[in-house]
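The values are calculated or read from the model by the stated rules, or taken from the named source; none is laboratory data. Keep in mind that this is a model prediction, so the values were computed, not measured. So basically every Cβ, Gly included, is an ideal-geometry build from the backbone, and we count neighbours across all protein chains shown. Note: accessible area is taken over every heavy atom of the protein model, side chains too, but ligands, DNA and RNA are not part of it. Shrake-Rupley method; radii C 1.70, N 1.55, O 1.52, S 1.80 Å.
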Amino acid sequence: MNERRPTLATLLRVGLLIVVALAGLPTQAAQVAHAASSTLYIRAVSARTEPKWPDAAAGAPGIVQGAVISEYKYIINADNVGDPSQARNAGCSPANANYPANCQWPSIRAQTSAAPIVAQGDQTTLNQSLGLDLPNGNYLISVMADGYKIDGAHFTIPLADTTPVEVALQPLPLPAATVRAQVFEDNAPVNSGPDLPAEQGLAGFRGVITDSLGEVTTDVYGNPLCTKYETDLNGAVILDETGSPTAIAGTGGSCYSDANGIIEIPNLGPNRYALSAIPPDGSNWVQTTTLEGNHDWDSWVQEGATGNDTEFAIAGEPFPASIVGFVKPRQLPNNPAVTGEIKGVIDAVKVYAPLNGGLPYNGGIWGGLSGTKIDKPIENPWVALSDLSNGDQAVYVGQGDANGSFDIKHVPDGNYILTYWDGPQTYILDLVNVTVKNGEVVDTGVLFLTGWFTTISGYVFNDINSNGIRDPGESGIAGYAVALKRRSNTLMDRGSVVVTTDVNGYYVLENAYPLTQWLVLEAYSDRYHTTGVTYQTDTQTTPTTVLGAGVDVNVLPIIGQSGQLDWGVQAYAPGTNGGIVGTVSYDTTRNELDPRFAAVENWQPGIPGLDVNLYQPVVCDDPETQSCDADGFYQLAADGSYLKGMLVNTYITETWARPKDCQARDVNGNSVDQQVLPPATGGYDCLEG
């Protein structure tokens, strides 16, 4: 763990300069006389014919498929995802020395946080006749050119021959995409899936889409979503000489499901959207579907996407990629003569591997599994009863009590599907078959729901004695930020990602995404330094304390499980601070025109392995003869930057590394030493999912 210290705001106060020294990249290609297979040549071409390119209305010629692109920029990254062809006995067997560090299988090796840049330049340094020598290995070249979408190609050195690697780029304009969803009444049976045509579509539900920045309200033409446009006989939007469409008056602004329950949101750019279906105002519809514990549904669309998915088919017909199901509460007739009854309790549980010990899973989807531990009751669970003798129709939909119990009275004799789920849908919906005979009371006992997410909680506290343990009398610290990040230093893009501690110093990430990869939990403040952390997973019998000044801790979130991690911190003593801290990131989407005001966006990855040099500034002694800054304090170099004086310090930006010496445990906290796992002691790398 590495210390994080006060921000760059201290730069001028301490009178130092920071310069990021980018490692020299081999952009100078050499004319190669021999036909060595280690030499790369490239040929950039148009991927398709586009008669409108770049401006058909102005009479400019179009572009044909295969036409050579003469001007471009390129960047080559090392493809470091691993080697699935490595022999098992060459590093991927637990019997091998230093396993799993020497295993290159993508499922075993530590996935790095970045793909190193090995070369970059333009058409003057790499083309069909001017080559670039590269070491043996796997690579990805990305090519960008005006009038085209960025594209790339994978290749391996050594190449078979000196034939140029072809990179095909899609010419502009690109076709717009569509997001499409099926909204349906999930009542035959209630099971969180579309059973069409028995289940009918629901009309009048409003479609809302968001991306990483928030709600999306306009289409690619800048008009409100679902605006309709004049089209040609083929249904394509007609564009005028400026590239603009003609909107049909009175359309746009809201997108609603039609009579078949289809929400269609056209004219979108390629992106990752999350679609939600909002019931009509005043209705009491209850959602049953979820995508991994979320009420919205991810839609990853490329140019020209129709919004249909091949995973679902009705008589071979296309089906929307997103599905949203609802039910309405309903009661059985209050008939005193019908004495049948179904009751029970819904509890949240955690399921552990290996599947032995603990309780057997009491439920339908996961029935028969062991390794289960009861966690807590599901508060006011939803319960539905579908009649298997009546077209699987739902005959009862209602809620249980705060303690997880439910009681369905006046149930006629018959065979039923009992479905149960939680309102927020952070647990996985489940169902079982139940039979009522002779007006009996059927007690299902405790039925289980397992979670979609990982829960991480704990305290940030004033560690007075610096032992990393929250002792009596050590108060919590309010307003302390705790974030869950990927190993690339970007925020995790799903679930709970950032929280702040409450007045007691307590924090909880209730819905941490169970990526089953090592993520980084970070707690940082300019005012405090870390003294140590104490953590305890569900199956640890005793907590573990690690002393040190780090603010980043590796965590492995597993579906349905949880753990606690307390952070001991202390305020900096008067007259001291933690120095200077910053982040070097790949500025892919800078929103600020002036780089002085640039900020790191949540999705921008960090760049490891770069030298960050700290220099003394050169004092401005004579503003009349020296080029100085606006305040007259320090001298400027010829390019306008601060003139560098004595080199004070050099720091290499951090590289993520997976932890070592992990111990797997079963539901009872017993050590698990399965064959694929490395030893838990001796400095061996820990495995992931």
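Values as computed for the structure displayed
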{"read-out": "Residue list for segment 113-144, filter: among the aliphatic types (A, V, I, L, M), out of contact with any Ser or Thr (no Cβ under 9 Å at 6 or more places or on another chain) and open to solvent by 20 Å² or more (accessible area, probe 1.4 Å)", "value": "115, 117, 118, 140, 144"}
{"read-out": "Considering residues of segment 613-660 that are assigned to a loop (DSSP other than H, G, I, E, B) and within 30 Å of residue 486 (Cα to Cα) only, the residue most open to solvent (accessible area, probe 1.4 Å)", "value": "655"}
{"read-out": "Strands (runs of 3 or more DSSP E) lying entirely in segment 287-378 (those with 1 or more residues that are open to solvent by 70 Å² or more (accessible area, probe 1.4 Å))", "value": "297-301, 308-314, 317-320, 341-351, 372-377"}
{"read-out": "Selected residue (criterion: farthest from residue 214 (Cα to Cα)) from residues of segment 229-241 that are surrounded by fewer than 17 Cβ atoms within 10 Å (Cβ to Cβ) and in contact (Cβ under 8 Å) with a residue 24 or more places away in the chain", "value": "241"}
{"read-out": "Looking only at segment 391-427, and only at residues there that are charged (D, E, K, R) and under 35 Å from the mean Cα position of the chain (by Cα), the one that is nearest to residue 560 (Cα to Cα)", "value": "422"}
{"read-out": "Qualifying residues in segment 571-612 (those that are in a strand (DSSP E or B) and surrounded by fewer than 16 Cβ atoms within 10 Å (Cβ to Cβ)) - the one farthest from the chain's Cα centre (by Cα)", "value": "571"}
{"read-out": "Elements of type strands (runs of 3 or more DSSP E) in segment 480-569, at least 3 residues being surrounded by 17 or more Cβ atoms within 10 Å (Cβ to Cβ)", "value": "481-485, 506-512, 519-523, 528-537, 552-555"}
{"read-out": "Residues of segment 170-189 satisfying the condition of being in a loop (DSSP other than H, G, I, E, B) and either among the basic types (Lys, Arg) or open to solvent by 10 Å² or more (accessible area, probe 1.4 Å) (or both)", "value": "170, 172, 173, 174, 175, 176, 187, 189"}
{"read-out": "Unmet criterion (only one of (1) over 30 Å from residue 114 (Cα atoms); (2) part of a strand (DSSP E or B); (3) among the hydroxyl-bearing types (Ser, Thr, Tyr)) for residue 466", "value": "(2)"}
{"read-out": "Residue match in segment 487-496 (condition: within 25 Å of the chain's Cα centre (by Cα), closer than 30 Å to residue 584 by Cβ, of a type in the set (Lys, Arg) and modelled with pLDDT of 95 or more)", "value": "no"}
{"read-out": "Residue in segment 567-585 that is farther than 28 Å from residue 649 by Cβ and out of contact with any His (no Cβ under 9 Å at 6 or more places or on another chain) present", "value": "no"}
{"read-out": "Residue check for residue 566: closer than 30 Å to residue 350 by Cβ, in contact with a Phe, Trp or Tyr (Cβ under 9 Å, 6 or more places away or on another chain) and of a type in the set (Asp, Glu)", "value": "yes"}
{"read-out": "Residue list for segment 418-432, filter: hydroxyl-bearing (Ser, Thr, Tyr) and either open to solvent by 30 Å² or more (accessible area, probe 1.4 Å) or assigned to a loop (DSSP other than H, G, I, E, B) (or both)", "value": "426, 427"}
{"read-out": "Pick from segment 70-93, criterion under 30 Å from residue 147 (Cβ atoms) and either of a type in the set (A, V, I, L, M, F, W, C) or free of Cβ contacts under 8 Å to residues at least 24 places away in the same chain (or both), ranking: least open to solvent (accessible area, probe 1.4 Å)", "value": "76"}
{"read-out": "Qualifying positions in segment 666-683 - over 17 Å from residue 543 (Cα atoms), part of a loop (DSSP other than H, G, I, E, B) and either among the aliphatic types (A, V, I, L, M) or in contact with a strand residue (DSSP E or B) (Cβ under 6 Å, 6 or more places away or on another chain) (or both)", "value": "676, 677, 683"}
{"read-out": "Test: residue 270 is in contact (Cβ under 8 Å) with a residue 12 or more places away in the chain and in contact with a Phe, Trp or Tyr (Cβ under 7 Å, 6 or more places away or on another chain)", "value": "no"}
{"read-out": "Condition check for residue 459: surrounded by 18 or more Cβ atoms within 10 Å (Cβ to Cβ) and in contact with a Gly (Cβ under 6 Å, 6 or more places away or on another chain)", "value": "yes"}
{"read-out": "Any hit, segment 280-287, residues being of a type in the set (Phe, Trp, Tyr) and farther than 30 Å from residue 454 by Cβ", "value": "no"}
{"read-out": "Boolean, residue 435 is β-branched (Val, Ile, Thr) and surrounded by fewer than 19 Cβ atoms within 10 Å (Cβ to Cβ)", "value": "yes"}
{"read-out": "Of residues in segment 379-388 being in contact with a strand residue (DSSP E or B) (Cβ under 6 Å, 6 or more places away or on another chain) and in a loop (DSSP other than H, G, I, E, B), the one farthest from residue 427 (Cα to Cα)", "value": "388"}
